[in-house]
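Take a look at the structure set out below.
Quick note: the coordinates plus some simple rules give every number you see, no bench work behind them. Predicted, not measured: the structure shown is a model, and the values here were computed from it. Glycine also receives a Cβ, built like all others from the backbone with ideal geometry; neighbour counts cover every protein chain displayed.
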Amino acid sequence: MELVDKKEFSMTKKNFEFIQSLAYEETGIVLPERKKHMVYSRLSRRLRHLGLDNFNQYCDHIQSEPGELMNFVNALTTNLTAFFREEHHFDYLDKEITPLWRRRRNKRLRIWSSACSTGEEPYSIAMTLAEHFSGSEWDLKILATDLDTNVLSKAAKGCYAEDSITGLADRYRKKYIKITPNGIQIKQSIQNKIHFKQLNLLQKWPMTGPFDVIFCRNVLIYFDNETKAKIIAKFRKLLAPDGLLFIGHSETLTNLSDEFELIGQTIYQPLRGGHAKVIGERKKAVIG
Ligand SMILES: C[S@@+](CC[C@H](N)C(=O)[O-])C[C@H]1O[C@@H](n2cnc3c(N)ncnc32)[C@H](O)[C@@H]1O
C-alpha cells in the first residue's frame, strides 16, 4: 500500500486513482502523479471539515453523499486570475476590434468568458467595452461562466481586495471602481452588463450564440487533447463568422483544430471558405 508519507491523512494509490478518474469524468481536469501533493493538500481541507480520518473514508463519502461532488470539484479547480491579465487581449479589443464594431449596423454584441473564475476577466472585458458601447442603442451582454460555484459567488459580488487593482488604468479606476472599507467594489453600471452562470465546459451548453468573442483562457491547459479538441469544435459552432477566440498564453490550437486561423497573439478567428486539408499547410499560409 503506497501512502503519502507522514501526513495527517493516509492516501493510498487506489484512493488517488479514484480521485484522478472522478476529476477527469466530472471536469475533464487531468491530475498526473506530480500533482498528488497539491490534490492531497486541497482535499485535506474537506476531510478536516467533515471530521474524517483518511482518504478511504473520503472516497466512500463522495460515493454515498452526492452533495459532496460539488465540494470535491470546487476544491480541485485552480482559480488564479487577475484584472486585465494578459493585457494584449484587452488592447486588441480596445484598439483593433471596437472601431470595426462601431461601424456595424447591427448593435448587438455578445461576449462569453467561459472560465471566468472570480470575475476579474469579465469585469475587465466590461470596462474595456463600456468605454465604447455604453449608449442605449448598443445591446451589449457578457456571459461569464465557470464550473466552480465558490468562485462564481465571489464573482457576482464584485468585491475585491484593494491591491487587486494596483495595475488598473486610472480611467477605469475613476469611473468603474468604488473604494469601500473592505476593499473595492465594481460599480453597478459594469456589473449590469454581466450574467454569471455555472457551466461545465464538458457538459451540454444551453447557449445558441452567435458570440462575437469567446474568452477561454488558462483552462484548456488542464485538459487532454481529446477534451480540448471537442471544446474548440463547439466554440467554432457558437462563434459568429467574424468572431474571435482568445486563449491563454501557454495554450495553442495547433494540432487541435483546423477550423481557425491565428490572427494575433493567442487570438484566433474561424477560417473562411472551407477547411485546409493539412494543418501544416494552413500554418504556412496563415503564419508565414
Ligand atoms: C486558472 S482559471 C482561469 C481564469 C481566467 N480565464 C484567466 O485566464 O485569468 C481556470 C478556471 O477554469 C475553471 N474550470 C476548470 N474546469 C472547468 C470546466 N470543466 N468547465 C468550466 N470551467 C472549468 C476553474 O474553475 C477555474 O476558475
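Observations, loosely collected:
- Highest average first, the peptides 93-104, 114-125, 144-155 ordered by how many other beta carbon atoms sit within 10 Å of their residues are 114-125, 144-155, 93-104.
- Taking amide H as placed 1.01 Å from N in the peptide plane, F196 has its amide H under 5 Å from the amide H of A144, each at least 5 places away in sequence or on another chain.
- Remark on L244: its backbone amide H falls under 5 Å from those of V213, I214, a criterion applied only to residues 5 or more positions apart or on other chains, H modelled at 1.01 Å from N.
- Reachable aspartates and glutamates from K141, criterion Cα separation under 15 angstrom, eight or more residues apart if same chain: E121, E131, D212
- Burial order of peptide ranges 129-138, 14-23 (average beta-carbon count within 10 Å, highest first): 14-23, 129-138
- Stretch gain in nm, segment K14-H249, where the contour uses 0.36 nm per residue and the Cα spacing is subtracted: 81.1 nm
- Candidate lysines - alpha carbon under 17 Å from K175, same-chain residues fewer than 8 apart omitted: K187, K193
- FRET efficiency for the L80 to Y24 pair, using the beta carbon distance and R₀ = 22 Å, is estimated at 0.60.
- Projecting the Cα atoms of L129, H195, F215 onto the dipole axis of region 95-233, where Lys and Arg carry +1 and Asp and Glu carry -1 at the beta carbon, places L129 farthest toward the positive end.
- Amide hydrogen proximity for L239: with H placed 1.01 Å from N in the peptide plane, the residues at 5 or more positions away or on another chain lying under 5 Å are F211.
- Added length on full extension, which subtracts the Cα-Cα distance from 0.36 nm per residue, D91 to E137: 14.2 nm
- For region 13-76, the relative contact order comes to 37 percent (Cα pairs under 8 Å, sequence separation of at least 6).
- Against the main long axis of the alpha-carbon atoms of the chain, helix 120-130 sits at an angle near 10°.
- Computed E for Q57/D224 - FRET, C-beta separation, R0 45 angstrom, nearest 0.05: 0.90
- The 3J(HN,Hα) values that the Karplus relation (6.51, -1.76, 1.60; θ = phi - 60°) gives for region 194-210 are, in residue order, 10, 10, 8, 8, 7, 8, 8, 4, 7, 9, 5, 9, x, 6, 10, x, x Hz. Gly and Pro appear as x.
- For the chain, the longest principal axis of the alpha carbon atoms and the long axis of helix 225-238 meet at an angle near 30°.
- Subtracting the Cα-Cα distance of R42 and T208 from their residue separation scaled by 0.36 nm leaves 56.2 nm.
- Per-residue HN-Hα couplings for region 150-158 [Karplus 6.51, -1.76, 1.60; θ = phi - 60°; Hz; x = Gly/Pro]: 5, 5, 5, 6, 5, 4, 5, 6, x
- Counting only DSSP H runs of at least 4 residues, each contributing -39500 (n - 2.57), and dividing by the residue count of the chain, the helix-based mean residue ellipticity at 222 nm comes to -11000 deg cm²/dmol.
- Cα-based equivalent ellipsoid, region 13-76: semi-axes from gyration tensor eigenvalues, Å: 17, 13, 11
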